[in-house]
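Below is the structure I would like to discuss, written out as structure tokens.
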Amino acid sequence: MSMYFDLGDETLWNPSNGAGRLFLRQVEVFEAELKLPSGIGQGKHWGDPGTLEVDPALYAEFARDLVAWHCRTGHSVILALSEGFVATAVALARRAGIELEMPEPGSGHVPGRVRHDVQVPGNPRTTAADVVTALDTRAREMDRWMAR
């Protein structure tokens, strides 16, 4: 058995049920973290949990905010926990024709804002540019592995 992530009549991704369920559970986690709907919902075959429709406008906003969130953090554990999901989400967005810009490397800190999830001690080997490069590379790998 498998699942279908569709955009209109096009199947963007056809994962196994296990991979699809895991992805959907992680979608819920990141919807809560970002306080945004993902745009992934019930497909044209209402009542069939294996067919999901991707709303391109909502998913574009979700994916862009997700990439920005991921690339802003300097926390090694958060990066490790989120990289695979974010890369999969980026690959899905690209298949949907959604253009995502990888953020310019920077400190990620906005002056005047409270910093959350600060890692102590910090990881001096991970730079913002490294995070952006790793995400883009991983998303391209994921695209090769994701069945249509």
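Yes/no matrix, rows are residues, columns are (1) touching a residue at least 24 places away in the same chain (Cβ under 8 Å); (2) under 19 Å from W145 (Cβ atoms); (3) part of a helix (DSSP H, G or I):
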| site | (1), (2), (3) |
| --- | --- |
| R21 | no, yes, yes |
| E28 | no, no, yes |
| L36 | yes, no, no |
| L81 | no, no, yes |
| V86 | yes, yes, yes |
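Please work out if A93 is of a type outside the set (D, E, K, R), at negative phi, without any contact (Cβ under 8 Å) to a residue 40 or more places away in the chain and crowded, with 20+ Cβ neighbours inside 10 Å.
yes
Yes/no per residue for (1) modelled with pLDDT under 95; (2) within 24 Å of L58 (Cα to Cα):
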residue: S76; (1), (2): yes, no
residue: F85; (1), (2): no, yes
residue: A93; (1), (2): no, yes
residue: M102; (1), (2): yes, yes
residue: T127; (1), (2): yes, no
residue: V132; (1), (2): yes, yes
residue: A139; (1), (2): no, yes
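Confirm whether L24 is surrounded by 15 or more Cβ atoms within 10 Å (Cβ to Cβ), closer than 23 Å to A80 by Cβ and of a type in the set (A, V, I, L, M).
Judged against the criteria, L24 is a match.
Take F5 and decide whether it is in a strand (DSSP E or B) and either at pLDDT 95 or above or in contact with a Pro (Cβ under 8 Å, 6 or more places away or on another chain) (or both).
yes
Right, here's the next one. As an exercise: evaluate W46 against (1) at pLDDT 95 or above; (2) part of a loop (DSSP other than H, G, I, E, B); (3) among the aromatic types (F, W, Y) and give the number of the one condition it does not meet.
(1)
Is it true that L52 is buried (at least 18 other Cβ atoms within 10 Å of the Cβ), part of a strand (DSSP E or B), in contact (Cβ under 8 Å) with a residue 60 or more places away in the chain and on the phi < 0 side of the Ramachandran plot?
So L52 does not fit the description; no.
The values are calculated or read from the model by the stated rules, or taken from the named source; none is laboratory data. Everything quoted here is computed from the prediction, not taken from an experiment. So basically every Cβ, Gly included, is an ideal-geometry build from the backbone, and we count neighbours across all protein chains shown.
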